[in-house]
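Enquirer: Below you will find the structure I want to go over with you.
The values are calculated or read from the model by the stated rules, or taken from the named source; none is laboratory data. A quick note: this is a predicted structure, and the numbers were derived from the prediction, not measured. Cβ sites come from the backbone with ideal geometry, for glycine too, and all protein chains shown count toward neighbours.
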Amino acid sequence: MNTPITRENLIRQIHQCQEWDLIVIGGGATGLGTAVEAVTRGYRTLLLEKYDFAKGTSSRSTKLIHGGVRYLAQGNIHLVREALHERGLLRRNAPHLVHDLQFVVPGYTWWSQLFYGAGLQIYDLLSGRLSFGHSQFLSEQGTISRLPTLKTAGLRGGVVYHDGQFDDARLAITLWQTLLDYNGVALNYFPVIGLRKLREQITGVMARDGETGETWEIPAKVVVNATGVFVDDVRRMDNPKAASVLSPSQGAHIVVERRFLPGDSAMMIPKTEDGRVLFALPWHDKVVIGTTDTPVENAEYEPRPLAAEIEFILHTAGQYLTPAPIREDVLSVFVGQRPLVKAETTQSTAALSREHVINIADSGLLTITGGKWTTYRKMGEDVVDQAVQLANLSPHPSVTANLHLHGWTQQPITSPLDVYGSDAAKIQELPGADIVLHPRLPYLEAQVRWAARYELARTVEDILARRTRSLFLDAIASIKAAPRVAAILAEELGKDLTWQQQQIAEYHSLAEGYLLNHQS
């Protein structure tokens, strides 16, 4: 069995490095992608995360690795082609986490089938040699066979196309493991509280160990701000007068039982009543339905859905599915916030750019923002290229396009351990490999022990929200599982009963926000 990965050992490595080539602030998709890019080129790399890896937006996506059908309709060919290329690379480099999913676009008029069919053939062409499969027209019966609960009144047929699906938080943990595999260092619960400067130029960061309270000055040649919707907060550590570069929006999702969408295909509604796109897709034996695109004033770690967002999702799903899901059917509701780059001339966040932007401050602070999970690798490559020039580092070519991520395997593994890839067999050797956390959840007690020993899980929330996806799949079941998770975690981390009780209470309070009957 592997040697456990301990917080103490990672902190010791920070002590031992006199100067890092790169310090990356932020443990979401962009930060982790940047850190993996840097360390695999041979640069000494440290990543610091304020809370837990993928705590924010990076665990709250629509679970798609995709080119963006909507962006194709907007004419953004460059973005679609780049994303489709990255989609193909990611399936090749992490087949245990990314897989092909068939999407059906139902057609209720002959012209809609023709229009979307033509567009999706362009989508296929743009994917080139990394295509996931070809789109095709479906008859009425072919459409119903793939979407058995679809309303049939007026149905003429449909179009099927292919895109990628993944588990976002698990990919984040996999990137963290890959970073460590290449001798990088990354810590959660270690917030950056200030920037270290000499003659107005950034020379590192000031950080605090969130568990002990100890403060650190950590030198680096380059500091990368990759904090997603919170990049403006870090930019203002450097320059309190820095103007905001983001216009964040949020996307809400609901999760319901598989009976609402049985079968292996997803449904895509390309144009809802207010011009949005709505997906209903199978995920971990549940169905995720979303998303919305609502402008928000402030970035939050625990955003909540607006009543209008929930109403929109349920109403739109009800126009296509029978039976129609209602509030009482919702097992969990989650919200992600998007770091959309400001475009002063646009009126709707749906029209703002998802493309990433790199900003270099006068002090040398390197900020990267925008983008999406699908293009995280390309974002990391671009920002490390900038860091190499900025700090005059020895240039080394990028290798991540062909880098197998931690756990890479082509051997099929049974759920729920499929997301661990080649590590799955090791989890089965741990105590509790035959005990489920809760009858309504697919997870095992052994996964809690694995998360504590090898994935730097520190809290019940870390386990139930991100190392497993319990909170997102069934919030009530996750609350009921929390006491057992707290007990196992306390045993693994050497915590007492008081700590367990506090963890259970904190988790219960958090999880209530994922229940519709606690929403306004």
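Enquirer: Would you pick out the residues in segment 54-72 that are touching a Gly at 6+ places or on another chain (Cβ under 7 Å) and surrounded by fewer than 23 Cβ atoms within 10 Å (Cβ to Cβ)?
Expert: Across segment 54-72, the qualifying residues are THR62, LEU72.
Enquirer: Among GLY275, GLY290, GLY263, which is the only one that is under 29 Å from LEU417 (Cα atoms) and surrounded by fewer than 20 Cβ atoms within 10 Å (Cβ to Cβ)?
Expert: None of the other options fit; the residue is GLY263.
Enquirer: In addition: For the structure I just gave you, tell me whether VAL384 is in contact with a strand residue (DSSP E or B) (Cβ under 8 Å, 6 or more places away or on another chain) and either over 28 Å from HIS85 (Cβ atoms) or crowded, with 18+ Cβ neighbours inside 10 Å (or both).
Expert: Yes: the conditions hold for VAL384.
Enquirer: Inside segment 453-471, can you point out the residues that are free of Cβ contacts under 8 Å to residues at least 60 places away in the same chain, under 16 Å from LEU417 (Cα atoms) and part of a helix (DSSP H, G or I)?
Expert: Those that are free of Cβ contacts under 8 Å to residues at least 60 places away in the same chain, under 16 Å from LEU417 (Cα atoms) and part of a helix (DSSP H, G or I): ILE463, LEU464, SER470.
Enquirer: Here's something else I'd like to know. Report, by residue number, each residue of segment 136-175 that is farther than 13 Å from GLY107 by Cβ, hydrophobic (A, V, I, L, M, F, W, C) and part of a strand (DSSP E or B).
Expert: Answer for segment 136-175, where residues must be farther than 13 Å from GLY107 by Cβ, hydrophobic (A, V, I, L, M, F, W, C) and part of a strand (DSSP E or B): just PHE166.
Enquirer: Look at TYR51 and say whether it is over 27 Å from SER398 (Cα atoms) and surrounded by fewer than 18 Cβ atoms within 10 Å (Cβ to Cβ).
Expert: Against the criterion (over 27 Å from SER398 (Cα atoms) and surrounded by fewer than 18 Cβ atoms within 10 Å (Cβ to Cβ)), TYR51 does not qualify.
Quick grid of which residues meet (1) touching a strand residue (DSSP E or B) at 6+ places or on another chain (Cβ under 8 Å); (2) surrounded by fewer than 14 Cβ atoms within 10 Å (Cβ to Cβ); (3) charged (D, E, K, R); (4) not in a strand (DSSP E or B):
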{"position": "ALA186", "(1), (2), (3), (4)": "yes, no, no, no"}
{"position": "LEU195", "(1), (2), (3), (4)": "yes, no, no, no"}
{"position": "ALA207", "(1), (2), (3), (4)": "yes, no, no, no"}
{"position": "GLY210", "(1), (2), (3), (4)": "no, no, no, yes"}
{"position": "VAL223", "(1), (2), (3), (4)": "yes, no, no, no"}
{"position": "VAL231", "(1), (2), (3), (4)": "yes, no, no, yes"}
{"position": "ARG236", "(1), (2), (3), (4)": "no, yes, yes, yes"}
{"position": "SER244", "(1), (2), (3), (4)": "no, yes, no, yes"}
{"position": "GLN250", "(1), (2), (3), (4)": "yes, no, no, no"}
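Enquirer: Next question. Tell me the residue from LYS271, LYS286 that is of a type in the set (D, E, K, R) and within 22 Å of the chain's Cα centre (by Cα), please.
Expert: Exactly one of LYS271, LYS286 is of a type in the set (D, E, K, R) and within 22 Å of the chain's Cα centre (by Cα), namely LYS286.
Enquirer: Got a sec? Which of ILE479, ILE488 is surrounded by 16 or more Cβ atoms within 10 Å (Cβ to Cβ) and within 21 Å of PRO303 (Cα to Cα)?
Expert: When all the criteria are applied, what remains is ILE479.
Enquirer: Here is a follow-up. Taking only pairs six or more apart or across chains, which ones have beta-carbon atoms under 8 Å, a first residue in segment 200-219 that is in contact (Cβ under 8 Å) with a residue 60 or more places away in the chain and within 22 Å of ALA361 (Cβ to Cβ), and a second residue that is crowded, with 16+ Cβ neighbours inside 10 Å and of a type in the set (Phe, Trp, Tyr)?
Expert: GLY204/TRP20; ALA207/PHE190; ALA207/TRP216; ILE218/TRP20; PRO219/TRP20
Enquirer: Return the residue satisfying two criteria in turn: it lies in segment 357-376 and is in contact (Cβ under 8 Å) with a residue 40 or more places away in the chain and surrounded by fewer than 23 Cβ atoms within 10 Å (Cβ to Cβ), and of such residues it is farthest from LEU175 (Cα to Cα).
Expert: In this case the residue turns out to be ASP362.
Enquirer: Ok, one more. Quick one: how many residues across segment 324-361 are modelled with pLDDT under 95 and either over 16 Å from SER61 (Cα atoms) or among the acidic types (Asp, Glu) (or both)?
Expert: The number of residues fulfilling the criteria is 19.
Enquirer: Let me ask something else. Take the conditions surrounded by fewer than 19 Cβ atoms within 10 Å (Cβ to Cβ), of a type in the set (S, T, N, Q) and within 26 Å of VAL287 (Cβ to Cβ) and apply them to THR468. Does it pass?
Expert: Here the answer is no, as THR468 does not meet what is asked.
Enquirer: Here are ALA433, ALA475: which of them is closer than 16 Å to SER415 by Cα, small (Gly, Ala, Ser) and touching a residue at least 12 places away in the same chain (Cβ under 8 Å)?
Expert: Among ALA433, ALA475, only ALA433 is closer than 16 Å to SER415 by Cα, small (Gly, Ala, Ser) and touching a residue at least 12 places away in the same chain (Cβ under 8 Å).
Enquirer: In segment 112-121, is there at least one residue being touching a Leu at 6+ places or on another chain (Cβ under 8 Å) and either modelled with pLDDT under 95 or among the aliphatic types (A, V, I, L, M) (or both)?
Expert: Within segment 112-121, one or more residues are touching a Leu at 6+ places or on another chain (Cβ under 8 Å) and either modelled with pLDDT under 95 or among the aliphatic types (A, V, I, L, M) (or both).
Enquirer: Exactly one condition in (1) on the phi < 0 side of the Ramachandran plot; (2) of a type outside the set (Ser, Thr, Tyr); (3) more than 23 Å from the chain's Cα centre (by Cα) is not met by GLY213; state its number.
Expert: (1)
Enquirer: Consider segment 389-416. How many of its residues are touching a residue at least 24 places away in the same chain (Cβ under 8 Å) and not in a loop (DSSP other than H, G, I, E, B)?
Expert: Within segment 389-416, residues that are touching a residue at least 24 places away in the same chain (Cβ under 8 Å) and not in a loop (DSSP other than H, G, I, E, B) number 5.
Enquirer: To continue, here is another question. When you check GLY133 against the structure, is it touching a residue at least 24 places away in the same chain (Cβ under 8 Å) and either assigned to a helix (DSSP H, G or I) or touching a strand residue (DSSP E or B) at 6+ places or on another chain (Cβ under 6 Å) (or both), yes or no?
Expert: yes
Enquirer: Restricting attention to segment 472-520, report how many residues are at pLDDT 95 or above, hydroxyl-bearing (Ser, Thr, Tyr) and in a loop (DSSP other than H, G, I, E, B).
Expert: Summing the residues that are at pLDDT 95 or above, hydroxyl-bearing (Ser, Thr, Tyr) and in a loop (DSSP other than H, G, I, E, B) in segment 472-520 gives 1.
Enquirer: To continue, here is another question. From the list GLY107, GLY33, GLY28, which one is crowded, with 21+ Cβ neighbours inside 10 Å, of a type in the set (Gly, Ala, Ser) and over 24 Å from the mean Cα position of the chain (by Cα)?
Expert: Of GLY107, GLY33, GLY28, the one residue that is crowded, with 21+ Cβ neighbours inside 10 Å, of a type in the set (Gly, Ala, Ser) and over 24 Å from the mean Cα position of the chain (by Cα) is GLY107.
Enquirer: Since GLU302 meets every condition but one in (1) under 19 Å from the mean Cα position of the chain (by Cα); (2) charged (D, E, K, R); (3) closer than 22 Å to SER145 by Cβ, which condition does it not meet?
Expert: (3)
Enquirer: Given (1) of a type outside the set (Phe, Trp, Tyr); (2) surrounded by fewer than 17 Cβ atoms within 10 Å (Cβ to Cβ); (3) more than 23 Å from the chain's Cα centre (by Cα), where does ARG258 come up short, assuming only one miss?
Expert: (3)
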